[in-house]
Amino acid sequence: MSTSDRGRAFESSANASTDGARVRIFDTTLRDGEQSPGCSMSPQQKLVMARALDELGVDVIETGFPASSQSDREAAAMIARELREPTLCVLSRCLPADIEASARALEGSAKPRLHLFLSTSPLHREHKLRMSKQQVLDAIATNVAHARRLVDDVEFSPEDGIRTEHDFLAEACAVAIANGASTINVPDTLGYTTPQEIRALFEFLISTVPGARDVVFSAHCHNDLGMAVANSLAAIEGGARQVECTINGIGERAGNCALEELVMALKVRNAWFEADTGIDTQRLLPTSQLLTRLIGMPVQRNKAIVGANAFAHESGIHQHGMLRHRGTYEIMRPEDVGWPDSQMVLGRHSGRAAVAHRLRALGYTLEDEQLDQVFADFKTLCEQQRVIDDGDLEALMHGDTRGEGFRLASMTVSDRGQRASAQVELSDPDGKRVSESALGDGPVDALFAALSAATGVKLTLESYQVHSVGIGADARGEANLSVRCDDGSGDSRGYEGTGTSRDIIEASALAWLDIANRVLRARRNADADVVAA
Ligand code: KIV
Ligand code: ZN
């Protein structure tokens with residue numbers, strides 16, 4: 001889909017009706033998202049992310065807060081020089097120096113926007129700004145007018161708008177509009193509101209603020225009570241025609257409204273909301289995964305739309321339903337958000353039908369008796385292993401068992417010299433001892449290199465996560481690895497492995513060996529098939 005096909009042209013009367021309304025997606029991953037702990041990006045990384053957001057079809061990209069750092073100024077300027085299609089926006093306090101720094105950072109941009117904010121709530125007025133209501137109104141008037149002299153497109157946000165007296169909030173919005181703001185963004189800065197409340201607030205503002213029908217009202221919801229997406233949807237019902245959100249919902253504290261969730265809610269429940277976005281939804285997963293790689297912050301497995309479990313089914317009843325009709329347990333198609341397909345995860349909860357189905361896909365059509373035997377072996381294997389993959393099923397078909405692999409006898413890891421070193425001793429499938437040592441860029445890198453030398457298996461690490469399972473004296477470390485491994489024909493196959501131990505380095509070694517043993521078993525079975533043929 002080309003960028004122009006995505007239809008970034010907006011309806012002219014922004015708040016006129018909800019019939020087939022066009023909701024603008026304002027992405028603030030690079031500003032509100034990036035300013036939260038663990039999410040910072042270099043200017044080059046921001047540029048890479050901005051290109052992906054453009055591809056995704058967002059209408060506005062907020063690229064940073066130029067007055068806050070040199071890095072933000074550089075990133076905003078680099079993006080402004082390159083991207084022509086989306087509106088590029090930067091944030092400023094209501095201070096002339098901030099506004100001028102912002103305007104400079106946007107020089108050369110095809111569609112620049114200045115975004116000004118000033119707190120309006122009583123708590124912020126008294127404790128943060130130490131300003132009276134009149135001083136706040138005057139500052140909005142002067143600074144919005146100043147911004148408008150520099151750039152045509154100006155957005156104003158009354159910070160902590162949700163906790164502001166409604167009459168004063170309406171007055172602040174009216175002053176911003178009278179001085180040239182064409183977008184009024186109402187932030188739920190603290191993630192405090194509820195759907196009913198924010199919907200009523202938007203209805204109130206749009207029906208009472210002078211000039212409201214000539215501008216775009218926007219929602220900016222934080223997720224402190226887990227309601228950012230629900231509140232943004234309710235704001236749309238109340239007349240908002242722009243939503244500010246971030247990829248994976250990153251942002252201050254509990255984050256911002258998650259773009260992927262909001263967009264899919266509007267798409268899947270289009271008959272209810274009667275509102276569309278210009279997002280190319282098939283780009284949602286790749287964009288989410290790009291952000292994860294850039295900032296190193298994975299999303300939880302059960303995260304809506306982009307989590308690993310979002311389209312994965314393990315329970316027998318669900319798998320059986322899915323095999324008959326995918327609509328039984330899916331409300332959207334995984335392909336529509338960028339996943340290749342639904343995933344039938346075979347594990348302890350899976351039934352015979354799903355195992356038989358997967359075996360048929362692998363080329364094995366079994367008689368009932370044979371299937372009984374394989375299914376019984378499958379259940380036994382599930383007692384030792386959480387997930388059974390295709391390699392494991394092949395092994396079951398060949399009567400191969402999990403016990404025959406490399407086992408960890410001992411290991412030492414040291415991180416004292418210039419490079420970390422690791423030494424491992426394994427017992428091989430014939431019971432012989434094998435020892436190897438290796439250096440690496442850190443203890444885990446050295447450990448995996450030593451294991452690779454000892455087993456002859458080369459794995460390319462895609463993700464590595466360690467977390468604690470259990471509490472107190474019973475706590476154990478669990479390591480989860482995702483890798484790719486060349487299957488010998490030039491193709492590579494993905495594997496996931498888990499290891500648990502009181503020591504997280506040992507848990508990592510066990511996870512690595514779990515995968516290596518499955519790779520070796522798959523190779524043995526492939527060789528046996530060649531001999532049999
Ligand atoms: O949450 C907030 O209030 C903000 C504003 C600066 C828009 O991010
Ligand atoms: Zn915010």
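What follows draws every value from the coordinates through simple rules; no lab data is involved. These figures come from a predicted structure and were not determined experimentally. Backbone-built Cβ (ideal geometry, glycine too); neighbour counts: all protein chains shown.
Couple of notes before you dig in:
- 0 to 90° range, to nearest 10: angle between helix 259-268 axis and the chain longest Cα axis: 90 degrees
- In percent, rounded to a whole number, the relative contact order of the stretch 312-397 is 30, using alpha-carbon pairs under 8 Å and six or more apart.
- Computed from backbone phi, the HN-Hα couplings of the stretch 113-120 come to 9, 9, 10, 9, 9, 7, 5, 10 Hz, rounded to whole numbers (Karplus: 6.51 cos²θ - 1.76 cosθ + 1.60, θ = phi - 60°; Gly and Pro given as x).
- Neighbour-count ranking [beta-carbon atoms within 10 angstrom, fewest first] of E394, E165: E165, E394
- Extending 7 Å from the Cα toward the beta-carbon at both L461 and S435 defines two label points whose distance is 2.4 nm.
- Alpha carbon centroid spacing (whole Å) that separates the stretch 202-234 from the stretch 87-162: 18 Å
- If the segment from V387 to Q135 were pulled out straight at 0.36 nm per residue, it would be longer than the present Cα-Cα gap by 84.5 nm.
- The chain: angle of helix 195-208 to the longest principal axis, Cα-based, in degrees nearest 10: 30 degrees
- The stretch 64-81 - phi-based ³J(HN,Hα) in whole Hz, Karplus 6.51/-1.76/1.60, Gly and Pro as x: x, 10, x, 5, 7, 6, 4, 4, 5, 5, 5, 4, 4, 5, 4, 5, 4, 6
- Under 29 Å from the Cα of K379 - lysines, other chains or at least 8 residues apart: K303
- Within the stretch 92-203, the proportion of C-alpha pairs whose separation exceeds 23 Å stands at 27%.
- Estimated purely from DSSP H runs of n ≥ 4, each contributing -39500 (n - 2.57), the mean residue ellipticity at 222 nm for the chain is -12000 deg cm²/dmol once divided by its residues.
- Size estimate for the chain follows the Kirkwood approach: the inverse of mean 1/r over distinct Cα pairs works out to 26.2 Å.
- Figure legend: label point modelled 7 angstrom from the Cα of L362 along Cα→Cβ; residues of the stretch 499-520 with amide N under 19 Å from it are 514-520.
- Under 17 Å from a label point set 7 Å out along the Cα-to-Cβ vector of F204, the amide N atoms of the stretch 149-181 belong to 158-175.
- Ranked by the mean number of other Cβ atoms within 10 Å of their residues, highest first, the peptides 217-225, 437-445 fall in the order 217-225, 437-445.
- Only one residue of A376, G391, S315 has its Cα farthest out toward the positive end of the dipole of the stretch 312-397, where Lys and Arg carry +1 and Asp and Glu -1 on Cβ, and that residue is S315.
- DSSP beta bridge pairing in the chain, given as percent antiparallel to the nearest 5: 50 percent
- Approximate spin-label separation R493-K379, in nm, with each point projected 7 Å along Cα-to-Cβ: 2.7 nm
- The distance from the alpha carbon centre of the stretch 352-422 to that of the stretch 22-70 is 42 Å, rounded to a whole number.
- Order of R493, R113 under a 10 Å beta carbon neighbour criterion, fewest first: R493, R113
- Over the chain, relative contact order from alpha-carbon pairs under 8 Å, at least 6 apart, %: 10 percent
- Taking a straight line from the alpha carbon of K111, these lysines sit under 28 Å away, with near neighbours fewer than eight places off in the same chain left out: K46, K267.
- In Hz, Karplus ³J(HN,Hα) per residue of the stretch 221-231 (6.51, -1.76, 1.60; θ = phi - 60°; x = Gly, Pro): 10, 8, 10, 4, 10, x, 10, 4, 6, 4, 5
- Sequence of M227, M332, M131 once ranked by neighbouring C-beta atoms within 10 Å, starting from the fewest: M332, M131, M227
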